[in-house]
Structure formats: structure tokens, C-alpha cells
Amino acid sequence: MDVNDFDFDLPDNLIAQTPLLDRTASRLMVLDPKTGEVEHRHFRDLLEELESGDMLVLNDTRVLPARLMGVKEDTGAMIEVLLLKQTADDEWETLAKPAKRVKLGTIVTFGDGRLKAECTGILEQGGRTFKFIYDGIFYEILDELGQMPLPPYITETLDDQARYQTVFAKERGSAAAPTAGLHFTDEILESIQNKGVNIAFITLHVGLGTFRPVSADTIEDHTMHSEYYHVTEQTADAINEAKAQGGRVIGVGTTSARTLETIASENAGKIVASSGWTSIFIYPGYTFSILDGLLTNFHLPKSTLIMLISALTTREHILAAYNRAVEEKYRFFSFGDAMFIKPSQRKES
């Protein structure tokens, strides 16, 4: 399948640069996966689409202030380091810029030397592994010296760093936010639960793949980068129970979808308590093991994310919906509006 089959024209002015003052004020496009018909709603209307007994699954990962600005210890040249994945004690896989200045053994200092990092490995496309050297608690130092790693298509400054965290963010480790979850407030989550909808949390730390485009010409030749996930026994039992009772499993964001499908596809459609690394690549032709519906934001052209949501319906329906979104001037990407792909499986009454 050709990657260009998932391309569409997106005007730059539709890329949301800042979050709305009210998290729940975004628009919501509701897509019927069978017919391709869309409805133009508001995010607060999501409550009307959910049924008592449904299971809403959210990703509680917390974004690290993972962008560090430092200098080479020997020359004073500026180096930017973006933490992506912890690979060992105090060792991280990162993106370095400009990478050509960072060789094996290069030492970069941050915050007047309070934190140092030695390059221990050369990876593809600007990737570097660093061993960090410091006194004290690493995450406390990172909170003081690091900046929120906004995606490259966001060029404006984020005044409130908390707006790039979900209100339920808990498990730190992501290089980017699970952006479908940014629309929720504590109040709307309470309203959802009051309707009888179950809520469960999984963890998937968003990593390297988020920052890299599909470089292959065909989907089948693309290799996904792995990301760490964790699901507790309590969450696994709750999801399985909801499914057994006829409830629909609805993922919030592609990260939740990928985690659920990774586990369910390996366990006969069941969720089990587990931790590990997933490199699952979902695109049209994939048969879902547990996911019935999905709440998601609007994604980049030719991205693995638009391929994933196309698997829940058809490529034609998704591209038609995206073209409508452009016509109706929806806001795209991390701080943009949302799409709800309705569950195709309805509960028995």
C-alpha cells in the first residue's frame, strides 16, 4: 500500500498553535465507520455518544520536560538534546541538534554544569545515546532545567506548560503528550462516570516514532519504533469485565489503541496485566482484537496515525472526513479538535 494514498492538503493556518482556554471547548467530528457520514459537534457532546457499560481507556503517561539546552564542554557550541527513552540507569536515547557536532565521548553541560551528559552511542537520523552525570535527583534537576518538548509544527511559545499535560497525567516518561486526552477535565470525566461509563488507565510512553515521518514508499516497508507500555491487573480485569458484559471498549488516543491491541492480539482478545515494548503498526487490513471505537485528534498527512484510524473504517472514509474538516476549518494536531470514530459494535439491549 502506497504511503501517498494517505496524503491530503492541509493549509498551515489550520495547524493549532495554542490550546483553547477551555479544554472542553474543542469541536468534535463524529464519524460513522460503516457509512462514512460525519456529524459536526462539540467535545462536550461526547457524553451523548457514550453508553452505560462502555469502557473508556485513557493513557496516564506524563510528559517529561525533556528538551535540554546545553553547550559542548570543550568548545561552548550550543547543543539541544531531546530525551526520548531511558535505556539504562542514567542512560537515555535522545535526539541531538545539531547532531553532527556530537561525537562519541562528547560531553554536553546544562545549567552551568549542574547536569552533564556524555555521548555513548551514535544512532540514525540525529539520534544519540547519552550517559547523564549529576548530583542529586535526576527528575528534580530535569524539572528545573528542562523545557516541554512541543512538536516541531508548533512554533508559538506555550505560556502554561500544564496545558501540554492531561489532567490525569501520572506516570512520567513521555517525550510527547497523548493529545486526545488533552480535551478532558476532571468535571467531564466525572460526568462520564456518572452516566455509568467505566474509565480505566493504561500507560504508554510516547517516544521516538512520534518525531519521525514515514520514510518508506510503501506502508509494508515502514518500521515502527518501540514504545514502553504498562497495564495493571486492576485495569486488565476492568476491561475484560466490561467486554464480557457487552460493553464497548473505546480508546482515547492512538497510544491507548496501540497498547490495547498489542496485548489483546497476543492473548486471544483478552487484556492481561503486563509491561513491555510495542512496535505494533496498525493500518488498513488489520483486524482489531478488542477496540470498538476511538477518540482521537486530527493527524499529519501520510503519518502512521492516520493509517491506524483508517483501519477502524476505510481510507476513503477517513480522507473524505479530513477533507470535510479542512473545509469546515477544524483545528489540527496536538492542540486541535477531536474526532470520534463511533463503535461499530453496539451493545445488546
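The values are calculated or read from the model by the stated rules, or taken from the named source; none is laboratory data. Keep in mind it's a predicted model, so treat the numbers as computed, not measured. Note that we place each Cβ from the backbone using ideal geometry, even for glycine, and neighbour counts take in every protein chain shown. We work out accessible area using only protein heavy atoms, side chains counted, and drop any ligands, DNA or RNA first. Shrake-Rupley method; radii C 1.70, N 1.55, O 1.52, S 1.80 Å.
Each residue in segment 81-95 was checked for being in contact (Cβ under 8 Å) with a residue 40 or more places away in the chain, touching a Lys or Arg at 6+ places or on another chain (Cβ under 9 Å) and assigned to a strand (DSSP E or B), and 7 of them qualify. Among the residues of segment 50-68, those that are open to solvent by 10 Å² or more (accessible area, probe 1.4 Å) and not in a strand (DSSP E or B) comprise Glu51, Ser52, Gly53, Asp60, Pro65.
Residues of segment 318-332 that are open to solvent by 10 Å² or more (accessible area, probe 1.4 Å) and touching a helix residue (DSSP H, G or I) at 6+ places or on another chain (Cβ under 8 Å): Leu319, Val326, Lys329, Arg331. Pairing each residue of segment 303-329 that is in contact (Cβ under 8 Å) with a residue 12 or more places away in the chain with any residue that is open to solvent by 30 Å² or more (accessible area, probe 1.4 Å) and part of a helix (DSSP H, G or I), provided the two are 6+ apart or on different chains, yields no C-beta distance under 6 Å. Checking Phe201, Phe168 one by one, the residue that is closer than 30 Å to Leu14 by Cα, among the hydrophobic types (A, V, I, L, M, F, W, C) and at pLDDT 95 or above is Phe168 and no other.
When segment 200-230 is limited to residues that are open to solvent by less than 40 Å² (accessible area, probe 1.4 Å) and part of a helix (DSSP H, G or I), the one that is farthest from Tyr283 (Cα to Cα) turns out to be Leu208.
Only one entry in Thr210, Thr218 is at pLDDT below 90 and under 27 Å from Asp2 (Cβ atoms), namely Thr210. Within segment 117-161, being more than 16 Å from the chain's Cα centre (by Cα), exposed (fewer than 14 other Cβ atoms within 10 Å of the Cβ) and under 17 Å from Ala16 (Cα atoms) holds for Thr155, Glu156, Thr157, Asp159, Asp160, Gln161. With respect to the stated conditions, Ala175 fails to be farther than 22 Å from Glu93 by Cα, of a type in the set (Gly, Ala, Ser) and modelled with pLDDT under 95.
If a residue counts only when it is in contact with a strand residue (DSSP E or B) (Cβ under 7 Å, 6 or more places away or on another chain), open to solvent by 40 Å² or more (accessible area, probe 1.4 Å) and of a type in the set (Phe, Trp, Tyr), which strands (runs of 3 or more DSSP E) contained entirely in segment 243-313 have at least 1 such residues?
274-278
Filtering segment 164-201 to residues that are over 16 Å from Glu49 (Cα atoms), in contact with a Leu (Cβ under 9 Å, 6 or more places away or on another chain) and polar (S, T, N, Q) leaves Gln165, Thr166, Ser174.
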